[in-house]
Amino acid sequence: MENENGKSKLPFVVAITGASGAIYGLRLLQFLLSSGQPVDLLLSKAAQRVMKEEHDLILEGDVESLLLSYLKLPKAVPLKLHPLNDYGASVASGSYRTRGMVVLPCSLGTLGALAAGLTENLIHRAAAVTLKERRKLMIVVREMPFGHIQLKNMLALSEAGAIVSCASPGFYHRPETVQDQVDFVVGRVLDQFDFDNQLFKRWKEDSRPIVQEKKVGQ
């Protein structure tokens, strides 16, 4: 995959963990792949359980094909799904160059593991590699309220160089649907990695965005 200058696009690492709000990760994945952005996907077992509960999406067997079908994307999109026990995967090495990594949504268990520097699965390892290589790592937590331990973990990750956020939709863009709120959060995530997008109406823009591609679940 090449960009406008004829250079290969660096892959982007997306991790979806077992917090409520799987729709955020699915919508991000849909947007990136539909725009031709190569994605290395890390999907926890708990995330698959959440997708079943929140979207009736059962990922058994050929998980990659089932995901693409649900997102209404062709099989030719640049997606690589990595098993979480594969420590020989590309994303486990710092020499594998990426555009960065986002954990969306990030469960409190994953938050704690990343803050402690644990590498119990490939999500943890890929995040640790992203931090040590000084690449952008964004953690998007979907939880309320936060206890003292979770706040300390978020501070530890921020001090280590990660971007820490909550999945907090705005309202100044006058959302009309749940999808508007999802796109607001996903659009703000994309902004942090300089992905051009018009998923939401920005402050002081004159009109709402017109998004043509299919949304998650449509």
Self-check item: Three principal axis lengths of segment 48-130 [C-alpha, angstrom, descending]
Solution: 35, 28, 21
Exercise. Pick out, from Gln30, Pro11, Met51, the residue whose Cα sits farthest towards the positive end of the charge dipole of segment 6-84, with +1 on the Cβ of Lys and Arg and -1 on the Cβ of Asp and Glu.
Key: Pro11
Quiz item: Most fluctuating residue of Gly61, Gly36, Gly109 in a GNM of the chain with Cα springs under 10 Å: which is it?
Solution: Gly61
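Need one number for segment 12-192: average projected area of the convex hull over its C-alpha atoms, nm².
With the hull built on Cα positions only, its mean projection is 10.3 nm².
Run lengths n ≥ 4 of DSSP H only: what is the helix-derived mean residue ellipticity at 222 nm for the chain, with -39500 (n - 2.57) per run over all residues, to the nearest 500?
For the chain, the value works out to -11000 deg cm²/dmol.
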Quiz item: Computed FRET efficiency, Cβ-Cβ of Leu81 and Gln192, R0 25 Å: what is it to the nearest 0.05?
Solution: 0.60
Self-check item: Residues of type aspartates and glutamates that Lys201 reaches as a straight line, Cα spacing below 19 Å, ignoring anything fewer than 8 places off in the same chain
Solution: Glu176, Asp180, Asp183, Asp191, Glu213
Quiz item: Does segment 132-171 come out rounded, prolate or oblate, given a ≥ b ≥ c as the square roots of the eigenvalues of its C-alpha gyration tensor, rounded meaning a/c under 1.5 and, failing that, prolate meaning a/b above b/c?
Solution: oblate
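Any read-out appearing in this document is the output of simple, stated calculations on the displayed coordinates, not a laboratory observation. Bear in mind that the values here come from a model prediction, so they are computed numbers and not experimental data. Note that we place each Cβ from the backbone using ideal geometry, even for glycine, and neighbour counts take in every protein chain shown.
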